[in-house]
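Reviewing the structure listed below.
Derivation of every value follows stated rules applied to the coordinates shown; laboratory data play no part. These numbers were taken from a predicted model, which means no experiment stands behind them. Positions of Cβ are backbone-derived with ideal geometry, glycine not excepted, and every protein chain shown enters the neighbour counts.
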Amino acid sequence: MSKLQHPHIKCKKVAVALLGYNSLNYIKKFIPSILKTTYTDYTLVYIDNASTDNSVAYVKEHFPSAEIFQISKNQGFTGGYTQSLPYIDAKYYVLLNSDVEVTPNWLDPIIEDMEKDETIGAAQPKLLHEPQKELFDYAGASGGFMDKYGFMFCRGRIFDTIEKDLNQYNDPMEIFWASGACMIVRSKLYRQLGGLDNHFYAHMEEIDLCWRIKNAGYKILVYPASTVYHVGGSIITYGSYTKLYHNFRNNLVMMLKNLPKEKLLGTLFIRMVFDGVAAARALITFRFIEFRAIFMAHFHFYTQMKRWKSRRNEALKHYVRESRTGIYCRSIVWDYFARNLKKFDQLKF
């Protein structure tokens, strides 16, 4: 049944919220892997972001057990979830990209542990790269981290250096952020914190949410015993103007929203210096698309400061304490480019 009128969807304990936009090929390829999940207390909800490729009809015909939530206009990654999740009733939400292949026991260890420990606010499995399954995936790998200046990296991927999965990062551990490609989050906490920030549209919205979860006193973990495979770059192309713009702008917004007061101005200033260097480097190497993306990201950050300050005030309402777990105490930029530290296990936390 179509959900255009937005009735509530009553799910089992876990709602696997699969967001798709013109994702018919991925739906055909990857939904069968979800339906082979050994964990049984879940409901698959396909959220369609105004696709024009017959995705909804295909899901209705071939996967009749799936609930369907249709959105009349493409709202992006954040909008797709902010439009749909308020109408999905479950104890846990799984935010799952349509270009993810799961393994049979991907949910079992995560839900089992979250049921035992209510201080775990969110979690992710180990993400490997679907086109080359021996490699970690760019967007999450074996858990997300952040350096002291707001640069993100993963256990298994630092900037463009992607490691092979040799079981070197197979221990579950507390991390700073979980990947939006496959994130499990408590629905009550998600709603309490306001969910994904729709101003982000795409990129780093899940890191912003994770930062707010940690500031609210909860933990975020990675469970490498659970493995999924992510294609990546299927909606917004890596290296495109749109991706670069949102990465730079959203990173600044996220820092403004979530940094403690005593660290806000100093950290933002240093980050702006880093971005200025990146813009200058792009200009002198004739990467004009990258230069324009950085320039416009900063322009919109400064000119919409009133909006961002309002978002900070909302986030601070739930602030309990600063959690340093998952934050690298040095500059990952310096260590990567100047000290040639390319692998996660070379870093000293």
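A few points about this structure:
- Cα centroid separation, region 140-206 to region 285-299 (Å): 25
- Mean projected area in nm² (Cα convex hull; one quarter of hull surface) for region 233-344: 8.8
- Against the rule of thumb 2.2 N^0.38 Å, how large the Cα Rg of region 164-251 comes out: 1.20
- With the highest mean first, a sort of the peptides 268-275, 241-248 on other beta-carbon atoms found within 10 angstrom per residue produces 241-248, 268-275.
- Over the Cα atoms of region 81-162, the radius of gyration divided by the Kirkwood radius equals 1.00; this is the Rg/Rh ratio.
- Derived scalar couplings ³J(HN,Hα) [region 299-304; Karplus, 6.51 cos²θ - 1.76 cosθ + 1.60; whole Hz; x for Gly, Pro]: 4, 6, 5, 5, 6, 10
- Calculated on the Cα set of the chain, radius of gyration then Dmax: 19.4, 57 Å.
- Integer Hz, Karplus 6.51/-1.76/1.60 couplings in order for region 212-228, x for Gly and Pro: 5, 4, 5, 5, 7, x, 9, 9, 10, 10, 10, 10, x, 5, 9, 10, 9
- Cut-off under 5 Å, modelled amide H: who pairs with Thr43 long-range: Lys12, Val14, Ala15, Val16
- Estimated FRET transfer efficiency (Lys60, Gln304; beta-carbon r; R0 56 Å; 0.05): 0.90
- Net +/- balance of residues flanking Ala202 in space, Cβ distance below 13 Å, scoring K and R +1, D and E -1: -2
- Of all DSSP beta bridges in the chain, antiparallel share, percent nearest 5: 40
- For the chain, the mean residue ellipticity at 222 nm estimated from helices alone is -11500 deg cm²/dmol, where every DSSP H run of n ≥ 4 contributes -39500 (n - 2.57) and the total is divided by all residues, rounded to the nearest 500.
- The length gained on full extension between Val320 and Lys261, counted as 0.36 nm times the residue separation minus their Cα-Cα distance, comes to 19.9 nm.
- Rounded to whole Hz, the Karplus (6.51, -1.76, 1.60) HN-Hα couplings of region 36-48, x for glycine and proline: 9, 4, 6, 5, 9, 8, 9, 10, 7, 10, 8, 9, 9
- Fully extending the segment from Phe337 to Lys148, taken as 0.36 nm per residue of separation minus the present Cα-Cα distance, adds 66.4 nm.
- The C-alpha atoms of the chain define a longest principal axis, and helix 241-258 lies at about 80 degrees to it.
- Along its first, second and third principal axes, ordered by size, region 1-98 spans 32, 28, 23 Å in Cα coordinates.
- Of the trypsin sites (Lys or Arg not before Pro) found in region 109-181, not one falls in a DSSP loop while having at most 10 other beta-carbon atoms within 10 Å.
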